[in-house]
Amino acid sequence: SVTRAEFLKMTISASSYKDDAVNTKLNVSLFPDVRNNFWGAGYISVAIKNGLVAGYLDGTFKPHNPVTLEEAVTIVLRLLGYTNSDLTGSYPTAQLAKYESLKLDENLNAKRGDKLTREECMVLIYNTLSAKTKQGAVYCTTLGYSTNSEEKIDYSALLEQKLDGPTVVESIEELKASIPFTVTDDTVIQLNN
């Protein structure tokens, strides 16, 4: 399972706040159970500052508790710009209904009250990247990424940003040498379509 602090790190890392969390240095403890030198204190601080999460009524944050589906859903809905006033009903029914309507539940089998695994958290974050914000934009576009025709994050565009080239080669040996992996007898190279 993933803790509340770990899920906040995942969420903040998939947001425009990621640099703020890394650069946050705290002089005081946020909660009695979140000391200023706790590894996740910066992430928790940024999440609180941006309205993604709050502590419990007893004044604690419980960073080591496993994150439940409804807690994680509430955090990503807030990341998408939704507030409690945008939802109809009470917690967590209203949050889970919005989660389903935005298709954040795609490829997830978790139910209300379930403690999320790493895989489930990553699927939820991925679904969030492709979800519509309250303003109607696909979330990943607010981070500077493009989408494909299905309005999912465009992996081709991400890969193209990291490619070097073009590489001009004059022989098959030069071509093989320019490929960033081992070329074997089973490797198929297709030239000019």
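The values are calculated or read from the model by the stated rules, or taken from the named source; none is laboratory data. Keep in mind the model is a prediction, meaning the values are calculated, not measured. Reconstructed Cβ throughout: ideal geometry from the backbone, glycine too, with neighbour counts over all protein chains shown. SASA here: full protein model, heavy atoms, side chains in, ligands and nucleic acids out. Shrake-Rupley method; radii C 1.70, N 1.55, O 1.52, S 1.80 Å.
List of remarks:
- Inter-residue pairs, beta-carbon under 6 Å, first in contact (Cβ under 8 Å) with a residue 12 or more places away in the chain and in segment 26-48, second part of a strand (DSSP E or B), 6+ apart: A41/V34; I44/V34
- Scan of segment 13-25 for residues that are free of Cβ contacts under 8 Å to residues at least 40 places away in the same chain and either within 16 Å of V67 (Cβ to Cβ) or among the basic types (K, R) (or both), ordered by number: S13, K18, K25
- Count of residues meeting criterion [part of a helix (DSSP H, G or I) and over 14 Å from K115 (Cα atoms)] in segment 1-19: 8
- Candidates G113, G89 - the one that is over 25 Å from K49 (Cα atoms) and either open to solvent by less than 50 Å² (accessible area, probe 1.4 Å) or in contact with a strand residue (DSSP E or B) (Cβ under 6 Å, 6 or more places away or on another chain) (or both): G113
- Count of segment 41-62 residues which are in contact with a Lys or Arg (Cβ under 6 Å, 6 or more places away or on another chain) and buried (at least 22 other Cβ atoms within 10 Å of the Cβ): 1
- If you check K98, K18, K25 for being modelled with pLDDT under 95, open to solvent by 30 Å² or more (accessible area, probe 1.4 Å), within 20 Å of T133 (Cα to Cα) and not small (G, A, S), only one passes: K18.
- Qualifying residue in segment 64-72 (condition: touching a Lys or Arg at 6+ places or on another chain (Cβ under 6 Å) and open to solvent by 60 Å² or more (accessible area, probe 1.4 Å)): yes
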